[in-house]
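In what follows, a single structure is set out as structure tokens and then discussed.
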Amino acid sequence: FTLSFGTPTNLPSLPTNTTIKMRLRALAGYRRLFRAREKLFQGDQTAMLESRVAIRAEFEKNRFVQDATQLEGLFVMIDEAEDMMLHGIVQGQLNNQGSYAFKLAPEHAGNQQKLEPINAQTVAKMEKGPTVEVTKTSKAK
């Protein structure tokens, strides 16, 4: 009785060093986004849950991307999302006067944008969308 094994044809190929590095980058990015969301939404269970679901869904949607250029673009998006969550968003708390109070952290100090209070007028302006205002300029001499 002879036992012979043919060449397996349906085995998955072993990951290359590049593939392993990309997977590790993706996992590191996933962890960074989760840490950023924990810092941003601390104490807000609804936002914590929704952000967890959204981050997970984005990673699942792109799970099988293998094109190097597309992967680099996704890694850039991870970096930008993390930066936005850590430095570009301030969470406010509704106070007794009916307005939102927030504390600017040192990481927000570098942002020189004028902060507008959130009130009915601001919300109406956001809902309306961006506008362009044309002004008269003085004629050059």
Legend entry - Heavy-atom accessible surface of the stretch 17-94: percent carbon and sulfur, 1.4 Å: 55
Legend entry - q = 0.13, 0.25, 0.28 Å⁻¹, the stretch 17-94: log10 I(q)/I(0) [Debye, one scatterer per Cα]: -0.43, -1.23, -1.43
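The values are calculated or read from the model by the stated rules, or taken from the named source; none is laboratory data. Please read these numbers as outputs of a predicted model, since none were measured by experiment. All accessible areas refer to the heavy atoms of the entire protein, side chains included, with ligands and DNA or RNA removed. Shrake-Rupley method; radii C 1.70, N 1.55, O 1.52, S 1.80 Å.
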